[in-house]
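Since the structure comes first, as structure tokens, the remarks are kept for the end.
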Amino acid sequence: MDNSLNGRKALVTGGASGIGAACARALAARGAKVVVADVDASGAAALADELGGTAWTVDLLDVDALAALSLDCDILVNNAGIQKVAPIEEFEPAEFRRILALMLEAPFLLIRAALPHMYANGFGRIINISSVHGLRASAYKSAYVSAKHGLEGLSKVTALEGGEHGVTSNCINPGYVRTPLVEKQIADQARLHGIPEAEVLAKVMLTESAVKRLVEPEEVASLATWMASDDAGMVTGASYTMDGGWSAR
Ligand code: NAD
């Protein structure tokens, strides 16, 4: 089978940074034409320039606009996400809704906008960047865990509806990935506890990891490009953990 993505059109949300940027680069390296979709206009434009792709400046919280969209793409990577940590009784309802809108409603609306084109072509790849928190919970992350668990369900329903049309839908469930989001968390924890960053990694973040290092964004991107390929046509409705053995315990 042909594993290249030549001629495929890919859209990556949150494509200006971290995992999304790595996915955009890896998909482009395999030959896909990539749209880098992000609220960060300059970041999206810079990466689109680098890849010979297109930037789409979009605030995915604008769900009314997304509901009116029609998307012409073969590969959709639902990646944009944010994190907020607080106990439930202190969690602002508006913040909860915002996280659900970005990380569950927006993926639903983009899938909804992309499926007619994918069905017409008899080919489509939906790749949802979930998290180990799509499968297991963690205290103080009510909105994040709820959104990621919801994304798992949405991904499976998409797989069931899309299968006969050549459309697959899968989740990737990373543990801690070395991105700006996580590097900031490490620095914050080091300051908070007055310990070196290496100690934060060893004693806080990687205690349950078998491999004892962060996941690299390129490793997530490598799995995403495989899921996007013709080779992965029978892989659908699946959730692939990439957490260095964290959830094997
Ligand atoms: P990141 O902060 O590096 O990148 C997120 C991108 O999303 C940014 O470019 C940001 O501008 C964009 N974004 C945020 N709000 C947006 C909005 N309203 N509209 C459009 N774009 C918006 O984050 P990351 O660490 O690369 O995380 C990407 C995804 O991977 C998230 O869904 C996250 O939950 C998931 N994830 C990350 C980790 C990790 O350890 N970093 C682990 C598991 C899952």
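Considering only residues in the stretch 228-249 that are among the hydrophobic types (A, V, I, L, M, F, W, C) and either modelled with pLDDT of 95 or more or touching an Asp or Glu at 6+ places or on another chain (Cβ under 6 Å) (or both), the one that is nearest to Ala24 (Cα to Cα) turns out to be Ala228. Selection of first residues in the stretch 154-171 that are at positive phi and of second residues that are outside any helix (DSSP H, G or I) and surrounded by 15 or more Cβ atoms within 10 Å (Cβ to Cβ), restricted to Cβ pairs under 7 Å at least 6 apart or on distinct chains, gives the following pairs, ordered by first then second residue: Gly166/Phe123; Gly166/Gly124. May I ask you to verify whether Lys203 is within 15 Å of the ligand (Cβ to nearest atom), assigned to a helix (DSSP H, G or I) and among the basic types (Lys, Arg)? No, not satisfied. Being assigned to a strand (DSSP E or B), under 21 Å from the mean Cα position of the chain (by Cα) and not charged (D, E, K, R) is a property that holds for Thr241. The set of residues from the stretch 144-184 being assigned to a helix (DSSP H, G or I), charged (D, E, K, R) and within 16 Å of the ligand (Cβ to nearest atom) comprises Lys148, Glu152, Glu183, Lys184. With respect to being touching a Phe, Trp or Tyr at 6+ places or on another chain (Cβ under 8 Å) and either in contact (Cβ under 8 Å) with a residue 12 or more places away in the chain or not charged (D, E, K, R) (or both), Ala224 falls outside the description. Within the stretch 185-200, being aliphatic (A, V, I, L, M) and away from the ligand (no atom under 16 Å from the Cβ) holds for Ala190, Leu192, Ile195, Ala198. Those strands (runs of 3 or more DSSP E) of the stretch 1-92 in which 3 or more residues are over 17 Å from Ile127 (Cα atoms) occupy 54-57. Against the test of being touching a strand residue (DSSP E or B) at 6+ places or on another chain (Cβ under 9 Å) and surrounded by 21 or more Cβ atoms within 10 Å (Cβ to Cβ), the options Gly43, Gly15 yield a single qualifying residue, Gly15.
Looking only at residues that are farther than 14 Å from Leu66 by Cβ and within 14 Å of the ligand (Cβ to nearest atom) in the stretch 101-128, which one is surrounded by the fewest Cβ atoms within 10 Å (Cβ to Cβ)? Across the stretch 101-128, the extreme among qualifying residues is Asn128. When the stretch 203-227 is filtered for residues that are touching an Asp or Glu at 6+ places or on another chain (Cβ under 8 Å) and hydrophobic (A, V, I, L, M, F, W, C), only Val215 remains. Applying the condition of being of a type in the set (S, T, N, Q) and within 16 Å of the ligand (Cβ to nearest atom) to the stretch 69-90 and asking which residue is surrounded by the fewest Cβ atoms within 10 Å (Cβ to Cβ) yields Gln83.
Checking Val132, Val77 one by one, the residue that is over 17 Å from Gly20 (Cβ atoms) and in contact (Cβ under 8 Å) with a residue 60 or more places away in the chain is Val132 and no other.
The values are calculated or read from the model by the stated rules, or taken from the named source; none is laboratory data. Here the structure is a predicted model, which is why all the values come from computation and not from measurement. Heads up, the Cβs are rebuilt from the backbone with ideal geometry, glycines too, and the neighbour counts pull from every protein chain shown.
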